[in-house]
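The values are calculated or read from the model by the stated rules, or taken from the named source; none is laboratory data. From a predicted model like this one, the values you see are computed outputs, not experimental measurements. Heads up, the Cβs are rebuilt from the backbone with ideal geometry, glycines too, and the neighbour counts pull from every protein chain shown.
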Amino acid sequence: MTEWFEEWFGEEYLHLYPHRDEADAGRLLDLIRRSVPWQAHWRVLDVACGAGRHMRAITEAEGLPIGLDLSISLLRRAREVTSRPLIRADMRRLPIRPGSMHLTLNLFTSFGYFATDEEHQDALAGMVATLQQGGWFVLDFLNAEQVRAHLVPREASEIAGTTVEITRRLSEDGRFVRKSITTREGREFMERVRLFSAGDLRRMLGACGLRIGQSYGDYAGNPLDGSSARTILIGQRQ
């Protein structure tokens, strides 16, 4: 059975999320560089790299990024903005030599897509395993507390010149948020994300041998709390 994320992240995804641009990527990378002992020529793995906007920012900062994504469509778009290596793979089975990266990234809620917590734990363990001893990992995730508190069940929106209807609901057990996007032409896209709290993520990353040093609630570097827009955790492999 095909998972939702195997079908969703194509050209339609880019049209429906046009506000996620290079300036947004640059702000996040600036925050990361202020938080780790960044050096030119660091090897950086961008897991779920999408269309490559973070890879471009990493290259401009003299890093050596490698992009990995499951979507062929997004990798094709990434090739338009970077000449760096791109790999098509599932984050649960990373074809990356263990201990080879200075920095590994998983950004813009590119996590939480799987059916079981065991799959999520294994995916994090695989990402952390790509790091050399003392290497750094950055996870940029939604704020589950904010999602639950401010869930908008239904809205109509104009996105990239197209009228869409968006519906959101929590699963019966409250562990997942499901979002459906229906276009004027009747096409429907579904997202499902596991609502891990910051505490959940800290425990999961700690079990992978990562020590969390910094946490932020947005790309400006404000503190992480219950009202934050994002959950950004930065840790070092022990």
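Residues that are polar (S, T, N, Q), touching a Gly at 6+ places or on another chain (Cβ under 8 Å) and under 17 Å from L210 (Cα atoms): does segment 133-145 have at least one? Within segment 133-145, one or more residues are polar (S, T, N, Q), touching a Gly at 6+ places or on another chain (Cβ under 8 Å) and under 17 Å from L210 (Cα atoms).
Taken together, the criteria exclude V177 from residues that are under 26 Å from V36 (Cβ atoms) and β-branched (V, I, T). Listed conditions (1) crowded, with 16+ Cβ neighbours inside 10 Å; (2) part of a loop (DSSP other than H, G, I, E, B) are all met by P95, apart from (1). Is it fair to say D200 is surrounded by fewer than 17 Cβ atoms within 10 Å (Cβ to Cβ) and not in a helix (DSSP H, G or I)? So D200 fails the test. Checked against the criterion of being over 27 Å from L103 (Cβ atoms) and either surrounded by 12 or more Cβ atoms within 10 Å (Cβ to Cβ) or in contact with a Lys or Arg (Cβ under 7 Å, 6 or more places away or on another chain) (or both), the candidates L131, L151 yield just one match: L151.
Annotation: of all residues in segment 62-85 being touching a residue at least 40 places away in the same chain (Cβ under 8 Å) and small (G, A, S), the one that is nearest to R33 (Cα to Cα) is G63.
If the condition is being in contact with a helix residue (DSSP H, G or I) (Cβ under 7 Å, 6 or more places away or on another chain), within 22 Å of G135 (Cα to Cα) and either assigned to a strand (DSSP E or B) or aliphatic (A, V, I, L, M) (or both), then segment 216-237 contributes Y216, T231, L233, I234, G235, R237.
Of everything in segment 203-228 that is among the aliphatic types (A, V, I, L, M) and exposed (fewer than 14 other Cβ atoms within 10 Å of the Cβ), the residue that is farthest from the chain's Cα centre (by Cα) is A207. Residues in segment 57-85 that are among the basic types (K, R) and modelled with pLDDT under 95: R76, R77. A Cβ distance below 7 Å, combined with a sequence gap of six or more or placement on separate chains, defines the contacts here; from segment 205-217, residues that are under 16 Å from T104 (Cβ atoms) reach residues that are at pLDDT 95 or above and aromatic (F, W, Y) in the pairs L210/F137.
Mind listing just one residue for me: the one in segment 41-59 that is touching a helix residue (DSSP H, G or I) at 6+ places or on another chain (Cβ under 8 Å) and not aliphatic (A, V, I, L, M) and, of those, nearest to G126 (Cα to Cα)? Restricting to residues being touching a helix residue (DSSP H, G or I) at 6+ places or on another chain (Cβ under 8 Å) and not aliphatic (A, V, I, L, M), the top hit is D46. The C-beta contact set for segment 86-111 (first residue in the same structural domain as A123 (by TED's automatic domain parsing) and on the phi > 0 side of the Ramachandran plot, second residue loosely packed, with under 15 Cβ neighbours inside 10 Å and assigned to a strand (DSSP E or B), distance under 8 angstrom, 6+ apart or interchain) comprises G99/Q132; G99/Q133. What number of residues within segment 99-156 are within 29 Å of T167 (Cα to Cα), assigned to a strand (DSSP E or B) and of a type outside the set (F, W, Y)? Final tally of qualifying residues: 7. In this structure, is L45 modelled with pLDDT under 95, surrounded by 13 or more Cβ atoms within 10 Å (Cβ to Cβ) and either out of contact with any Ser or Thr (no Cβ under 9 Å at 6 or more places or on another chain) or not in a loop (DSSP other than H, G, I, E, B) (or both)? Criteria not met by L45.
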